[in-house]
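Heads up, the thing below is written out as structure tokens.
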Amino acid sequence: MEYKNFTPPVKQLVELCEPSDPQISPDGRMIVYMERSVDWENNRYLDTPWLVDLNASPPKFRKLFDVSVGIWSYRWSPDGQWLAFGCQKPESEQPTLELFNPTTGAQRTICALITGGYGFTWSPDGTQIAYMAGGITASTEEPSEAHPANAYVMDQHWEKTQLWSVAINDGQPEQITHEDLHITGFDWHPDGSMIAFSAVPTPDENVWDQCRIYTVTLSDGEIIAITARGCQKPQFSPNGKQLMFKQLGNPSFIDVSSIGIMKSDGSQLRTIQPFDNEVYLLQWRKEGIYLMAIEGVTTPIYRMHPETAQVERLTADDPPGFAIPEGWIGWGCSFTADGSQIAFLRYDRDHFAELTLLDTTTRQQTVLTHRTQKLKDWHLPKPELIRWQNAEGIEIEGVLVKPMDFKESTPCPLVIAAHGGPTHTSMLPAMIDGDWWYGGLPQMLHKGAMVLFVNYRGSNGYGADFQKANVLTLGIAELEDIVSGIDTLVSKGWVDRERVGIFGISHGGYLAAFAATYSERFQAAVMISGISDWSLNYYMTDTRVWMQQYLHGAPWETPETYRAVSPVSYLSKAKTPLLIQHGERDNRAPIANAHAIYRGLRDNGIPVRLVVYPEQGHGIGSPVEFQRCIEETCNWFTKWLWEETIS
């Protein structure tokens, strides 16, 4: 097959799923990871665990379970013989905690997970498993004539997660915590006598930064708070004498975090700031603390000495752009018992989601999979790092992808990919985050467009001051940085200034809407799950604290600031055609944002199209709807940047 001018169908783009959660066995003989596939008939994604036998040459891959069995939170026992995981069997109404021996094939059910369960973690001696689940003493209101079952009281309908444990031999789960707290993470003490955990008052998104670290002694159940608020992700030192955790910055959503280290009883706190960027804790081992930090368009792995705070980089930037994508649960790294090997999913300029082993002594990386071949078949151009100065003389960094058959003498259309966050960062590798999918960027590149990802002011990875530089100027500062990038490419003769589009999801969707109404530099814009009216959003969203931090108060306290950064404030001068795509069940940026800007643009005679996905939330989570979303974006840019009619 000739691939030179091959444009992958959007369906193939949806089917390009990334693996997740590689877990290497303590002895380094095996890796279990999750493969995702698309079940088009039932409009869902299927996650299936696979096992890699590293003793074989070459390593052998095999599927562990049928796709009809739901598996999650799998973790190795300390001796490497068993995998523990949550399981939902098709014939069972209730999920169960299972053990499976990959060598012998033996499997046994430990217990039913009556209130659910996740985050399964073995005790150091392998006799117990701790996990998080709903509490059986959680306060719930019984249905009655006065309060029917289909109603709830706002801010009083939470189910708080508690800490549980189960002994492998007796299979009787015990609820460890009964506090009026919502558990968010935990770690076993090396001697198994206690557990350190982080908790917030309720599951309300607006109190996430009120997290504290507690310890619970398993013999008597005594719970002690050992930190102030703003601390999470506890980990004991290898000898159990100290505890480390993440300390949120101030303000919590905007400033970079630091590392806290104290004695296990909560005394002698030390704060370490190894970088002027966000730091992510991986694991504390006898040879040091492993961590990652966002540095521009890369996320290197480091090892830090816990006493001197000296760091050494373990991953070379060769090929350029080494990165492990950010995840809500973790960063996808696991360690052997002796710390000699780390398993993770590798991205860089030449690799896409490859299962990789890192030797922590030699720093040699061994790639185990060959997923990148798909992108080679698509002949995607390789992303490049680009820098320019904005109007204020501040250096801005971005990722530039030139179109197929690019000629410097022929200006081409430009598509701006605006990342979310606002503190997220666009990384160098191709297909490393959802923007590549939502924007249909492989299709745009094959059609002849140049693509520019902009790490505007407010992005992570460029220092605390840069990350805070869009406070009070959301949209305005970021758009200035985007426009200066456009001007740089126009001045090189690479871009046609009359054929520029912009798209984004979440905060990137807001920026696309802001660009469409505030600026006249764009010929097309696509807003996905974005905000159009900050005051409206404040009253309807499930999280408001971050808005108070960026805009210095609530709408009634700083009304002019809320007005100045809202796309709907500039409807009267808007000229840019806008495509709006939104999930009807979006609680983060409620769909009222889509309705507001749609009505405003339509009543002002500006071309606008609103596509609503009834069963979707913040983002598009089902493959059929996701395909439609990508096709809508591609068609919109095709119509307005190429002036082609779409059937």
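Scanning the range 455-485 for residues that are more than 14 Å from residue 388 (Cβ to Cβ), acidic (Asp, Glu) and touching an Asp or Glu at 6+ places or on another chain (Cβ under 9 Å) yields a single hit, 465.
Would a scan of the range 170-183 turn up a residue that is part of a loop (DSSP other than H, G, I, E, B), under 18 Å from residue 281 (Cβ atoms) and out of contact with any Leu (no Cβ under 6 Å at 6 or more places or on another chain)? Working first, answer last.
The first filter runs over the range 170-183 and keeps only residues part of a loop (DSSP other than H, G, I, E, B), leaving 170-173, 176-181.
From what is left, the residues that are under 18 Å from residue 281 (Cβ atoms) are none.
Taking every residue of the range 170-183 in turn, none turns out to be part of a loop (DSSP other than H, G, I, E, B), under 18 Å from residue 281 (Cβ atoms) and out of contact with any Leu (no Cβ under 6 Å at 6 or more places or on another chain).
Across the range 82-97, the qualifying residues are those that are outside any strand (DSSP E or B) and open to solvent by 30 Å² or more (accessible area, probe 1.4 Å), and the one among them that is modelled with the highest pLDDT is 82. Taking the range 311-341 as the range and being modelled with pLDDT of 80 or more and surrounded by fewer than 17 Cβ atoms within 10 Å (Cβ to Cβ) as the test, the residues that pass are 312, 313, 316, 337, 338, 340.
Does residue 442 fit the bill of being crowded, with 24+ Cβ neighbours inside 10 Å, modelled with pLDDT under 95 and not in a strand (DSSP E or B)? Talk me through it step by step, then tell me what you get.
Details: crowded, with 24+ Cβ neighbours inside 10 Å: yes; modelled with pLDDT under 95: yes; not in a strand (DSSP E or B): yes.
For residue 442, the condition - crowded, with 24+ Cβ neighbours inside 10 Å, modelled with pLDDT under 95 and not in a strand (DSSP E or B) - is met.
Here residue 271 meets the list (1) farther than 21 Å from residue 310 by Cβ; (2) of a type in the set (S, T, N, Q); (3) open to solvent by 30 Å² or more (accessible area, probe 1.4 Å) almost entirely, failing just condition (1). Is it the case that residue 266 is in contact with a Ser or Thr (Cβ under 9 Å, 6 or more places away or on another chain), open to solvent by less than 10 Å² (accessible area, probe 1.4 Å), of a type in the set (Gly, Ala, Ser) and more than 21 Å from residue 35 (Cβ to Cβ)? For residue 266, the condition - in contact with a Ser or Thr (Cβ under 9 Å, 6 or more places away or on another chain), open to solvent by less than 10 Å² (accessible area, probe 1.4 Å), of a type in the set (Gly, Ala, Ser) and more than 21 Å from residue 35 (Cβ to Cβ) - is not met.
For the range 353-380, give me the residue count where each residue is assigned to a loop (DSSP other than H, G, I, E, B), at pLDDT 85 or above and surrounded by 14 or more Cβ atoms within 10 Å (Cβ to Cβ).
As a first pass, look at the range 353-380 and keep what is assigned to a loop (DSSP other than H, G, I, E, B): 360-364, 368-372, 379-380.
Okay, now just the ones that are also at pLDDT 85 or above, so 360-364, 368-372.
Now drop any that are not surrounded by 14 or more Cβ atoms within 10 Å (Cβ to Cβ), which leaves 360, 368-369, 371-372.
Number satisfying all stated conditions: 5.
Counting only residues that are within 28 Å of the chain's Cα centre (by Cα), assigned to a loop (DSSP other than H, G, I, E, B) and surrounded by 13 or more Cβ atoms within 10 Å (Cβ to Cβ), the range 151-169 holds 3 of them.
Taken over the range 60-81, the criterion of being farther than 20 Å from residue 332 by Cα, not in a strand (DSSP E or B) and not acidic (Asp, Glu) is satisfied by 65, 67, 68, 69, 81.
Here is the figure for the range 17-44: residues that are more than 25 Å from residue 342 (Cα to Cα) and assigned to a loop (DSSP other than H, G, I, E, B) total 4.
Hey, among the residues in the range 393-439 that are charged (D, E, K, R) and in a loop (DSSP other than H, G, I, E, B), which one's surrounded by the most Cβ atoms within 10 Å (Cβ to Cβ)?
Just the residues of the range 393-439 that are charged (D, E, K, R), to begin with: 395, 397, 402, 405, 407-408, 433, 435.
Subsequent filtering for residues that are in a loop (DSSP other than H, G, I, E, B) retains 402, 405, 407-408, 433.
Working: 402: 18, 405: 12, 407: 10, 408: 9, 433: 22.
Checking each candidate, the answer is 433.
Restricting attention to the range 201-217, does a residue exist that is modelled with pLDDT of 95 or more, in a loop (DSSP other than H, G, I, E, B) and of a type in the set (S, T, N, Q)? Checking the range 201-217: not a single residue is modelled with pLDDT of 95 or more, in a loop (DSSP other than H, G, I, E, B) and of a type in the set (S, T, N, Q). Of the helices (runs of 4 or more DSSP H) lying entirely inside the range 500-612, those containing at least 1 residues that are crowded, with 23+ Cβ neighbours inside 10 Å, among the hydroxyl-bearing types (Ser, Thr, Tyr) and in contact (Cβ under 8 Å) with a residue 60 or more places away in the chain are 507-518.
When the residues of the range 180-198 are filtered to those that are within 28 Å of the chain's Cα centre (by Cα) and within 24 Å of residue 156 (Cα to Cα), the one that is surrounded by the fewest Cβ atoms within 10 Å (Cβ to Cβ) is 184. Within the range 183-206, no residue that is more than 15 Å from residue 127 (Cβ to Cβ) and touching a residue at least 60 places away in the same chain (Cβ under 8 Å) sits with its Cβ atom under 6 Å from a residue that is in a helix (DSSP H, G or I) and open to solvent by 40 Å² or more (accessible area, probe 1.4 Å) at 6+ positions apart or across chains.
Just one residue in the set 48, 115, 109, 103 is open to solvent by 80 Å² or more (accessible area, probe 1.4 Å) and either modelled with pLDDT under 85 or of a type in the set (Ser, Thr, Tyr) (or both); that residue is 103. When the residues of the range 481-498 are filtered to those that are more than 25 Å from the chain's Cα centre (by Cα) and crowded, with 20+ Cβ neighbours inside 10 Å, the one that is farthest from residue 564 (Cα to Cα) is 494.
Scanning the range 446-480 for residues that are open to solvent by 10 Å² or more (accessible area, probe 1.4 Å) and over 24 Å from the mean Cα position of the chain (by Cα) returns 446, 447, 448, 472, 473, 476, 480.
From the residues in the range 342-352 that are closer than 19 Å to residue 399 by Cα and in contact (Cβ under 8 Å) with a residue 60 or more places away in the chain, which one is surrounded by the most Cβ atoms within 10 Å (Cβ to Cβ)? Taking the candidates together, the pick is 347. Among the residues examined, residue 221 qualifies as of a type in the set (Gly, Ala, Ser) and on the phi > 0 side of the Ramachandran plot.
The values are calculated or read from the model by the stated rules, or taken from the named source; none is laboratory data. Keep in mind it's a predicted model, so treat the numbers as computed, not measured. Cβ atoms come from the backbone with ideal geometry, glycine included; neighbour counts cover every protein chain shown. Areas reflect the complete protein model, heavy atoms only, side chains present, ligands, DNA and RNA absent. Shrake-Rupley method; radii C 1.70, N 1.55, O 1.52, S 1.80 Å.
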